[in-house]
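Trainee: Right, I'll just put the structure down here and ask away after.
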Amino acid sequence: MVNKTHRQFIGEPWRVALAFFAGACLIGVIALGGVYFHYSAYVKMPVLREGESRTLVIPSNTSWPQVVDILEEAQLVKRGKYFDYWGKKRGLPQAVRAGTFQLSGPMQLEDLEVVLRRGGMAEEILLSVPEGFTIFHIADRVEQLGLASREDFLRAARDQALLSAAEINADSFEGYLFPDSYRFRQGTSARAIVERMHAQWVAVWADIKSRHADNLEALAQGFGFSEHEVIILASLVERETSVNDERSLVSRVFLNRLTKKMRLQTDPTCVYGEETYREIPHPRYCRDALNRYSTYVIAGLPPGPIANPGRASLEAALAPSNAPEALEYLFFVARRDGTARHHFTRTFGEHNKAVNRYLKGGK
């Protein structure tokens, strides 16, 4: 028979556990109530107050998590997780349309929802591509303008199906995207941007070839150049000089060196690539035995173009200077006198004197 004291001893742990459980539930209810209260207050907060304005850009093919991130970065959404939950409840992830949005207050979440469902303006965006930009530079600019992501552009620029359709036997469209100013509507795909820039290149190249057909044949006979190798040469010229009347001289120097089986040793080839295109040429890149583009390491031309050359450099590659002195030049060095010009020389001794004069401050 269990006495009263024994019953109290057995029942005490259960009462403690029950009290603890009740307390935990109460805390949970209070916490949930606090979250609900906070969430309810959040959805009533203004997105923009009276007098405030924002320009919002949502590129095409932007995922819902990316939309939330963009809204947070624009300081339109202050608690991404709350907005994510709120938007999903209303089916917004499947309804957001891309575009450029000019927003002004006062604006509530419901107003923002209406705008996102309607889509932004399909305004034209100016894409200016300077001569000598690589596909990596172009990708950066395309993303900065909100046209497409850097990754999407590079993917399109390396798309083998697209390259095959363009009859380009290369790893990418490097060298085949014409540097120019283009207007694209907001939401234009990266593929369409690549196709438009290449179409412009095709038109320009056809015009240049028609006027230099004999030169193209001479390069094929004398150096075994295909059209692709002419484009590679043009890209080297483009990266070496910005002075139009020097381009044909630079082109001739490279051909003179090839004739004599000399390495081209042109610095811009040292830093071509996705990891190095922002770097300044340095011996650690130029002398890297694994750098397949460095013309300090490899013989002949690099395996592909190192930039997208403009009309003047394409012309110079097809029509190198035939001036008597140019046929003897093997070296050139930047003057660094504010003119952007170079000093051209015939021998290594003359070249060393020019380096001492222009780069080392000698006489």
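The values are calculated or read from the model by the stated rules, or taken from the named source; none is laboratory data. As the structure is a computational prediction, the values presented were derived from the model and not from experiment. When we count neighbours, we look across all protein chains shown, and the Cβ atoms used for this are built from the backbone with ideal geometry, even at glycine. We work out accessible area using only protein heavy atoms, side chains counted, and drop any ligands, DNA or RNA first. Shrake-Rupley method; radii C 1.70, N 1.55, O 1.52, S 1.80 Å.
Trainee: Test ALA190 against the criterion of being under 24 Å from GLY300 (Cβ atoms), within 24 Å of the chain's Cα centre (by Cα) and buried (at least 21 other Cβ atoms within 10 Å of the Cβ), and give yes or no.
Mentor: Taking the combined requirement at face value, the residue does not satisfy it.
Trainee: Let me ask something else about it. Six or more apart or on different chains, Cβ under 6 Å: which pairs go from a residue in the range 165-191 that's under 30 Å from GLY119 (Cα atoms) to one that's of a type outside the set (Lys, Arg) and open to solvent by 60 Å² or more (accessible area, probe 1.4 Å)? Could you list them?
Mentor: From the range 165-191, the pairs are ASP180/GLN200; ARG183/GLU124; ARG183/LEU126; ARG185/GLU124; GLN186/GLU123.
Trainee: Take the residues in the range 266-319 that are more than 19 Å from PHE133 (Cβ to Cβ) and outside any loop (DSSP other than H, G, I, E, B), then tell me which one is farthest from the chain's Cα centre (by Cα). Steps first, answer last, please.
Mentor: Of all residues in the range 266-319, those more than 19 Å from PHE133 (Cβ to Cβ) come to 282-292, 294-301, 303, 318-319.
Next cut, outside any loop (DSSP other than H, G, I, E, B) only: 283-286, 318.
Values: PRO283: 26, ARG284: 24, TYR285: 21, CYS286: 24, LEU318: 29 Å.
Per the stated criteria, the residue is LEU318.
Trainee: Moving on. Tell me, which helices (runs of 4 or more DSSP H) lie completely within the range 113-188 with 1 or more residues that are under 30 Å from GLN102 (Cα atoms)?
Mentor: Output list reads 135-144, 150-157.
Trainee: Being modelled with pLDDT of 95 or more and open to solvent by 30 Å² or more (accessible area, probe 1.4 Å) is true for just one of PRO324, PRO320, PRO268, PRO309. Which residue is that?
Mentor: PRO324
Trainee: If ARG357 meets every condition in (1) at pLDDT below 95; (2) within 22 Å of GLU238 (Cβ to Cβ) apart from one, which number is that one?
Mentor: (2)
Trainee: If you don't mind, there's one more thing I want to ask. Between TYR277, TYR285, which is touching a helix residue (DSSP H, G or I) at 6+ places or on another chain (Cβ under 6 Å), more than 15 Å from ILE232 (Cα to Cα) and surrounded by 20 or more Cβ atoms within 10 Å (Cβ to Cβ)?
Mentor: Exactly one of TYR277, TYR285 is touching a helix residue (DSSP H, G or I) at 6+ places or on another chain (Cβ under 6 Å), more than 15 Å from ILE232 (Cα to Cα) and surrounded by 20 or more Cβ atoms within 10 Å (Cβ to Cβ), namely TYR285.
Trainee: Let me ask something else about it. Within the range 253-265, is even one residue closer than 22 Å to HIS137 by Cβ, β-branched (Val, Ile, Thr), open to solvent by less than 60 Å² (accessible area, probe 1.4 Å) and assigned to a helix (DSSP H, G or I)?
Mentor: Within the range 253-265, not a single residue is closer than 22 Å to HIS137 by Cβ, β-branched (Val, Ile, Thr), open to solvent by less than 60 Å² (accessible area, probe 1.4 Å) and assigned to a helix (DSSP H, G or I).
Trainee: Can you confirm whether the range 320-335 contains a residue that is of a type in the set (Phe, Trp, Tyr) and part of a loop (DSSP other than H, G, I, E, B)?
Mentor: There is at least one residue in the range 320-335 that is of a type in the set (Phe, Trp, Tyr) and part of a loop (DSSP other than H, G, I, E, B).
Trainee: Mind listing just one residue for me: the one in the range 139-150 that is out of contact with any helix residue (DSSP H, G or I) (no Cβ under 7 Å at 6 or more places or on another chain) and in contact (Cβ under 8 Å) with a residue 12 or more places away in the chain and, of those, most open to solvent (accessible area, probe 1.4 Å)?
Mentor: So, considering only residues that are out of contact with any helix residue (DSSP H, G or I) (no Cβ under 7 Å at 6 or more places or on another chain) and in contact (Cβ under 8 Å) with a residue 12 or more places away in the chain, the one most open to solvent (accessible area, probe 1.4 Å) is ARG141.
Trainee: What's the number of the only condition in (1) open to solvent by less than 30 Å² (accessible area, probe 1.4 Å); (2) over 21 Å from LEU236 (Cβ atoms) that ALA157 fails to meet?
Mentor: Against the list (1) open to solvent by less than 30 Å² (accessible area, probe 1.4 Å); (2) over 21 Å from LEU236 (Cβ atoms), ALA157 comes up short only on (2).
Trainee: Would you mention how many residues in the range 63-76 are surrounded by 12 or more Cβ atoms within 10 Å (Cβ to Cβ) and touching an Asp or Glu at 6+ places or on another chain (Cβ under 9 Å)?
Mentor: Final tally of qualifying residues: 2.
Trainee: Which of the residues that make up the range 327-343 are β-branched (Val, Ile, Thr) and either open to solvent by 20 Å² or more (accessible area, probe 1.4 Å) or out of contact with any strand residue (DSSP E or B) (no Cβ under 7 Å at 6 or more places or on another chain) (or both)?
Mentor: Hit for the range 327-343 is THR339, nothing else.
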